[in-house]
1. List the strands (runs of 3 or more DSSP E) inside the stretch 154-195, counting only whole elements, that have at least 1 residues being more than 23 Å from the chain's Cα centre (by Cα).
2. Taking the stretch 331-362, which residues are more than 6 Å from the ligand (Cβ to nearest atom), part of a helix (DSSP H, G or I) and farther than 20 Å from Asp235 by Cβ?
3. Here is a check on your reading of the model: is Gln324 part of a loop (DSSP other than H, G, I, E, B) and either buried (at least 17 other Cβ atoms within 10 Å of the Cβ) or in contact with a helix residue (DSSP H, G or I) (Cβ under 6 Å, 6 or more places away or on another chain) (or both)?
4. Need at least 2 residues that are among the hydroxyl-bearing types (Ser, Thr, Tyr) per element, so show me which helices (runs of 4 or more DSSP H) inside the stretch 395-503 make the cut, counting only ones lying wholly within it.
5. State the number of residues belonging to the stretch 428-452 that are modelled with pLDDT of 95 or more, farther than 15 Å from Thr346 by Cβ and not β-branched (Val, Ile, Thr).
6. Quick one: in the stretch 38-74, of everything that is farther than 24 Å from Arg178 by Cβ and surrounded by fewer than 22 Cβ atoms within 10 Å (Cβ to Cβ), which residue is farthest from the ligand (Cβ to nearest atom)?
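The values are calculated or read from the model by the stated rules, or taken from the named source; none is laboratory data. The model shown is predicted, which means the values in this text are computed figures rather than measured ones. Positions of Cβ are generated from backbone atoms using ideal geometry, with glycine treated the same way; all protein chains shown enter the neighbour counts.
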Amino acid sequence: MTQKNITKVVIVGGGTAGWMTAAALAKVLEGKVRIKLIESDEISSVGVGESTIPMIRRFNQVLGIDEDEFIRATQGTFKLGIEFRDWGKLGDNYMHGFGIFGQDLATLPFYQYWLRLHQAGQAPDLERYSINRMAARQNKFMRADRSHANSPLGDIVHAFHFDAGLYAAYLRRYSEARGVERIEGKVVDSVLRAADGHVEAVRMASGERVGGELFIDCSGFRALLIEQALHTGFDDWRHWLPCDRAWAVPSGAGPELLPYTRATARPAGWQWRIGLQHRTGNGHVYASAFMDDDAAARLLMDNLDGPALAEPKQLRFTAGKRKQVWNKNVVAVGLSSGFLEPLESTSIHLIQSTIARLIAFFPDRGFSAPDIAEFNRQSDFEVERIRDFIILHYHATTRADTPFWDYCRTMPVPDTLRAKIELYRARGRIVRIDNELFSEVGWLQVLHGQGIEAGGHHPLADLLDEGEVAEYLGDVAGVIGQCVARMPSQDAFIAEHCAAPRP
Ligand SMILES: Cc1cc2nc3c(=O)[nH]c(=O)nc-3n(C[C@H](O)[C@H](O)[C@H](O)COP(=O)(O)OP(=O)(O)OC[C@H]3O[C@@H](n4cnc5c(N)ncnc54)[C@H](O)[C@@H]3O)c2cc1C
């Protein structure tokens, strides 16, 4: 370590963001940098955030976490995708499944051949070509089996549902075992360095002063450092994403574990259902401009699959992002950096990608301005593309049954999203820009699932005659069907590999 290297990192906050950051830095910095994490037992974490996307497996792998042990410790289950009910219109039901569709042929992605037959009125539903979606519909699960070359069984892509509190506790044990020092207590103030406005220390209610060189703000919606101390500013996206509140409540575990998250559209928002081993997580996300709090709570409580295990808890938020995720010597991770509602389960992923980016741009005490600018540019790009994807679910609808849906259907959308929709509508093209999070087939499933029709398909899909295309699609669907028939139910898979102790 040279004179210029960071020697002390202070993480403020111990929710999912705080402990994920602590665990990752403890692993990567190998005990050579002192890491302190401050959290207050008096200020609870949000306690939600139970549904993830597949990239989290990479995070666990970097930490060296055994997946079965992790599932047992967090009462976890497996997730193959998200089911959307009543979004494009009342009665609709489609899934956004992870992973690939079919097998690409020649130079074209599979879905271009499907579009061709679909436009000729001859293709079965898109779902038939995805092992994730077909397995999810039958409550089946197994991990990808790569020993079968070219089999769809090798294409299964999964994420997790888990108990957020147990996840943070798990990562806390992991981090403390690797030298992270936890400080219990409330932060009441920050001390800024006169010369450049960097945070020099935070002051605790006890009077203790905790100094550092790099500060990570994981204080949740309070944004203690990035906003309260540095006044970084916030881009408010409520005009595109009007939902600003949620009620959350656990209920008893259902009779069978669903290997997917369910998102059911409601008159002024939507309801989530996440099955864990010991209970089901439920929540109703809604727009307070269109529904009052009591009505929103009632709607949730009237639509549970099992008895409620607690009183519902309310959460308030504003869709948007911090103007700079990294400002001076403070990096905001988690809710302090901004918020996108959980429709596509992206917040924990954004924590993970911010941590990965922080490691890629890990600073020295000189805090290079170009590094910080590039970090912020990448962060903005990532979150704005995810924002567009979420807006698509609200905007591409024919629902006109409530003022909320009227608003969403007719609101102007960001230019970047409008361009994506126009491209698909014109000739069925989907372009993934740079390394934006969602894949082409992720966009396809939501564009199609929400009822947007492609006005054409790739001309090269016409090089095969229609009979050949039909045969090729039929073969793919047939093989997927046979593979799913061989898969165990999620219940059986968990019982064999990773059943958690009953609380
Ligand atoms: C309704 C809702 C549903 C969600 N569902 C999902 C989902 O399904 N999937 C997903 O990926 N994400 C989801 N999220 C987001 C996810 O919950 C968060 O991204 C994640 O929990 C990270 O939160 P956090 O750690 O940033 O903040 P918090 O959980 O709020 O933690 C803040 C921490 O800061 C500490 N703190 C605050 N002030 C002080 C102080 N003055 N002194 C000391 N300590 C302090 C607290 O003690 C706490 O430890 C959801 C969010 C909401 C609101």
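1. Hits in the stretch 154-195: 181-184, 187-192.
2. Matches in the stretch 331-362: Gln352, Ile355, Ala356, Leu358, Ile359, Ala360.
3. When the stated conditions are applied, Gln324 passes them.
4. Fully inside the stretch 395-503 and qualifying: 403-410, 415-427.
5. 10
6. Looking at the filtered set, the residue picked out is Pro54.
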